[in-house]
Amino acid sequence: MNVVEFQKVLVADDDAVNREVLGDLLKPEYTVLLARNGAQTLERAARHLPDLILLDVLMPDMDGHEVLRRLRDDPQTEHISVIFISGLNRPEDEANGLKMGASDYIIKPFNPTVVMARVALHLQVLRQRRMLERLANIDGLTELANRRRFDEMYALEWQRARRSGRPLSLALLDIDAFKQYNDRYGHPAGDRALRSVARVAGAAMRRPADLAARYGGEELVLLMPETEAADARRVIAQLVDTVAGLAIAHEASNVAPVLTVSVGGATLHGDSGEQQSELFEAADAELYRAKQAGRNRIAWRERVTLQT
C-alpha cells in the first residue's frame, strides 16, 4: 500500500480562533503545525522544516516581519516559503512584506477559498521545483546520483568529517573489461549491464547519508559517512559478490566468465587538512592496485590521515 506523505504547513497566529479556522481548513489536504507566537514559530520551523508558513504579521513580542527576517538568516530555514496573513491592508504594507521575502500576502479577514487556492499554488510550485532539482542531480542512464550531486555531497561530508573527526569512507568501482563487453555484446547490452550494476550499488547504500553515484563511463563512486574501514569493506565485499552473482555472461573477459567489478576504497580519519582530494586520490590509487592485482577484488587503505 502506498503511503501518501502530505506537505507540511505551519500556521503561526497569536489568535486562537484564526489558528483553529486555518488548521481545520488545511488539515484535509496537508499536515498542519500550529504556533501561537514568533518564538514558537522559529522553533517549530527549525524542528519540522515545513514546506510553507502562513505567518501573521501582527503578533506580540516578535512580529511577523522579525520572524521572517530570522527565518531568512538561518541557513536551515531560509528557503521555506512564507505567506503573510495580515489585517494591514494598505498597498504599501503588502509591498513591504513582499520586498522582505514573503512569497504572498493575504489580507484579513481572509476568504477560505482564496487561502486554499494560494496555498495549493505555492505548494505545487514547490513540488515542481523539487522535481526539477532532483532530475538535475540524477544520471539519466543509471538513475543514480550524477557527478554534480556527488561533488556537492562529497564536499559537505568531507567538511563534516574534518570538523567532527568521524570517519568517512569512499570507494571507486569500475566494471572489469567493460570495453571488451561493449565490443562483444554491443552498447545497448553494455547499458543494460551498467544499469544492473548500478542497481546493486544503489541497494548497498542503505543509510540516508550514504550515496551511490555515477562518476563517469563505467565508474561508480560510493560515499559512506561515519563508516569505519571494516564496515565499509563488508558492504563493498557483499556488493562485489552480488554483482558476480548476477551471472551476466562476459565471454570476452580475461577475469571471469561473468561480469565482475574492481573496487578501491579508503577511509578518512582526522580533524584537520587542506585538500579534500586526498581521500579521493587514495581511493583511486587503491582501485589501480585492485586492477593490477588481477581485478574482481577490493583494495582498501584503512586510514587516510589528513596532514595540516
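The values are calculated or read from the model by the stated rules, or taken from the named source; none is laboratory data. As the structure is a computational prediction, the values presented were derived from the model and not from experiment. So basically every Cβ, Gly included, is an ideal-geometry build from the backbone, and we count neighbours across all protein chains shown.
A few points about this structure:
- Filtered residues of region 81-97 (kept if surrounded by 15 or more Cβ atoms within 10 Å (Cβ to Cβ) and either without any contact (Cβ under 8 Å) to a residue 40 or more places away in the chain or closer than 19 Å to Asp15 by Cβ (or both)): Val82, Ile83, Phe84, Ile85, Ser86, Leu88, Asp93, Glu94, Asn96, Gly97
- Hits in region 99-140 (condition: part of a loop (DSSP other than H, G, I, E, B) and either touching a helix residue (DSSP H, G or I) at 6+ places or on another chain (Cβ under 6 Å) or surrounded by 14 or more Cβ atoms within 10 Å (Cβ to Cβ) (or both)): Gly101, Ala102, Ser103, Lys108, Phe110, Asn137, Asp139
- Search result, residues across region 191-235 that are assigned to a strand (DSSP E or B) and over 26 Å from Ala177 (Cβ atoms): Leu211, Met224, Pro225
- Filtering region 241-259 to residues that are surrounded by fewer than 21 Cβ atoms within 10 Å (Cβ to Cβ) and either closer than 24 Å to Arg206 by Cβ or of a type in the set (A, V, I, L, M) (or both) leaves Asp241, Thr242, Ala244, Gly245, Leu246, Ala247, Ile248, Ala249, Ala252, Val255, Ala256, Val258.
- Residue in region 238-266 that is nearest to Asp176 (Cα to Cα), counting only those that are in contact with a Lys or Arg (Cβ under 7 Å, 6 or more places away or on another chain) and in a loop (DSSP other than H, G, I, E, B): Thr260
- Just so you know, in region 210-235 the residues that are under 17 Å from the mean Cα position of the chain (by Cα) and within 18 Å of His269 (Cα to Cα) include one that is surrounded by the fewest Cβ atoms within 10 Å (Cβ to Cβ), and it is Glu226.
- Of everything in region 141-182 that is part of a loop (DSSP other than H, G, I, E, B), closer than 24 Å to Ala229 by Cβ and of a type outside the set (Asp, Glu), the residue that is modelled with the lowest pLDDT is Gly165.
- Hits in region 139-162 - residues which are over 13 Å from the mean Cα position of the chain (by Cα), closer than 16 Å to Gly216 by Cα and of a type in the set (S, T, N, Q): Thr142
- Screening region 10-65 for residues that are touching a strand residue (DSSP E or B) at 6+ places or on another chain (Cβ under 6 Å), acidic (Asp, Glu) and in contact (Cβ under 8 Å) with a residue 60 or more places away in the chain and picking the one that is surrounded by the fewest Cβ atoms within 10 Å (Cβ to Cβ) gives Asp51.
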